Amino acid sequence: MSSQDADPGHGLVDGIPESGDLTADTIVRRRVDRPNGGWRGAVFSASHGLVNPGVGPEEHAYREQVRRIRRPLGSAHQIAITSINGGVGKTTVAACVGLVLAEHRGDRVVALDASQNAGTLADRLTGDTSKTVRNMLGEIDSLGSLADVSRFTSLAGRLQVLASEQDPAMSEGLDRAGYERVCDVLRRFYNVVITDSGSGLVHSAVGGTLALAHSLVIVGSPTADGAGRVNKTLDWLLARGPAERVADALLVLTCDRASKHIDTERVRSHFEARCRAVVEVPFDPHLATGAQIDMDRVRPATHDAFRTIAAHLADRFDATPVGVGAEMVTADHI
C-alpha cells in the first residue's frame, strides 16, 4: 500500500502506523478530576465515582496555590521576615510560611532565627534549642556537607530549623559578618532560606538580613499604632534602598489585635498601593497560645492565608539554574 492509499482513519503509511498516533495523549486514560473534600467529595465517594459534581471553586483555588508554591527554583532563594517592633506575630509568620513551603515543595527549606534576644522560632517549631546558630558559627569552617550542617538544626516536618542563641549576652556577638557567613553555608545546601530577623531595623545582623534577601516580608497589625509603624518601616527602607525593593515587598497583617473600630479595608488599600501584596492572617486560637505549632490544629482560613503568602513568595522564584546553590538544586538534590 502506498502512502497515497493509506487509510486516514488508521494513520497507516506503507502498512505501518504513523508514529504520531502513539503519544501520551492518545494512549493514557485521563484521570477523573475528582473532588477531594466537602459535599462534592462525599457525593463522589458515596457513588463510587459514578456521580462526579466536579471540583468546586475553593478546591480550584487550593490547587492553584499549591501549583504556584511548587514553582521550580534554580538557585538558592533567601526570604527575610521582619518588623520594626516585636509582638506582631513575626515569628509565627516565619514558622508557618516555612512549614507550608516545606510541605508542598520537594526541595530543602531551612528557617533561621536571627533574633538578637533569645528568639523563639525553634521553640514554636521543634522545642529544640540545644544547638544554635552560635554553635554552627563556631565550627563553620569545617562544614562541608549537608550532614555537617544538619548537626546544628532540628526538624519540624520537612522544615529544617536553626535556633538563635539563647543566651542574650552571647547573641549580641552575632553581627552582620557572622550572619552572612552562616547564610553563605546555608545557601550551599538549601534551596529556600527563611530568616526570622530580630525586631527593629538598625541592628547589624538585621542589616545583613535585608541586604541578602531576595524577597522581603514585613509583618504588622491592622491597628492605629501598627499601621503607623508599618508606614515608618516602608519609609525607612525607601530611604536606604531602591524603591523597587519596597514595592515588591509583601505585607502581612496579623489580625489577632484587630478592632471593629478600625477601618481594616482602608488600611489594606493604603498598603496595597505601597507593596506588591497585602495578606491578612486571621486570629487563630491555636497560634495565639504561643505553644509549639501544629498545622493540623490551625483553622482552614488561617492555613489558607499562609498558603497565599507562600504562593506570592514562590512567584518570585527564579527557575534559571545560575548563581549560588545552583549545583545543589540541579544535580545533588535530584
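Please go through region 279-293 and pick out each residue that is farther than 11 Å from F306 by Cβ and either of a type in the set (V, I, T) or in a strand (DSSP E or B) (or both).
E280, T289
Which condition from (1) surrounded by fewer than 17 Cβ atoms within 10 Å (Cβ to Cβ); (2) at pLDDT below 90; (3) assigned to a helix (DSSP H, G or I) is the one that M328 breaks?
M328 satisfies every listed condition except (1).
Would it be correct to say that V298 is over 23 Å from A102 (Cβ atoms) and surrounded by 13 or more Cβ atoms within 10 Å (Cβ to Cβ)?
Considered against the rule, which asks whether it is over 23 Å from A102 (Cβ atoms) and surrounded by 13 or more Cβ atoms within 10 Å (Cβ to Cβ), V298 comes out as no.
A156 - would you say it is buried (at least 19 other Cβ atoms within 10 Å of the Cβ), within 22 Å of T120 (Cα to Cα) and at pLDDT below 90? Please lay out each step first, then the result.
Details: buried (at least 19 other Cβ atoms within 10 Å of the Cβ): yes; within 22 Å of T120 (Cα to Cα): yes; at pLDDT below 90: no.
Here the answer is no, as A156 does not meet what is asked.
Which one of these is surrounded by 10 or more Cβ atoms within 10 Å (Cβ to Cβ), at positive phi, modelled with pLDDT of 75 or more and not in a helix (DSSP H, G or I): G74, G87? Can you show your working first?
Numbers: G74 fails: at positive phi.
Of G74, G87, the one residue that is surrounded by 10 or more Cβ atoms within 10 Å (Cβ to Cβ), at positive phi, modelled with pLDDT of 75 or more and not in a helix (DSSP H, G or I) is G87.
Output the number of residues of region 96-152 satisfying the condition of being surrounded by fewer than 21 Cβ atoms within 10 Å (Cβ to Cβ), free of Cβ contacts under 8 Å to residues at least 60 places away in the same chain and in a helix (DSSP H, G or I).
Of the residues in region 96-152, 11 are surrounded by fewer than 21 Cβ atoms within 10 Å (Cβ to Cβ), free of Cβ contacts under 8 Å to residues at least 60 places away in the same chain and in a helix (DSSP H, G or I).
The values are calculated or read from the model by the stated rules, or taken from the named source; none is laboratory data. All figures in this text were calculated on a predicted structure; none of them were measured in a lab. Here the Cβ is made from the backbone with ideal geometry for all residues, glycine too, and neighbour counts use every protein chain on show.
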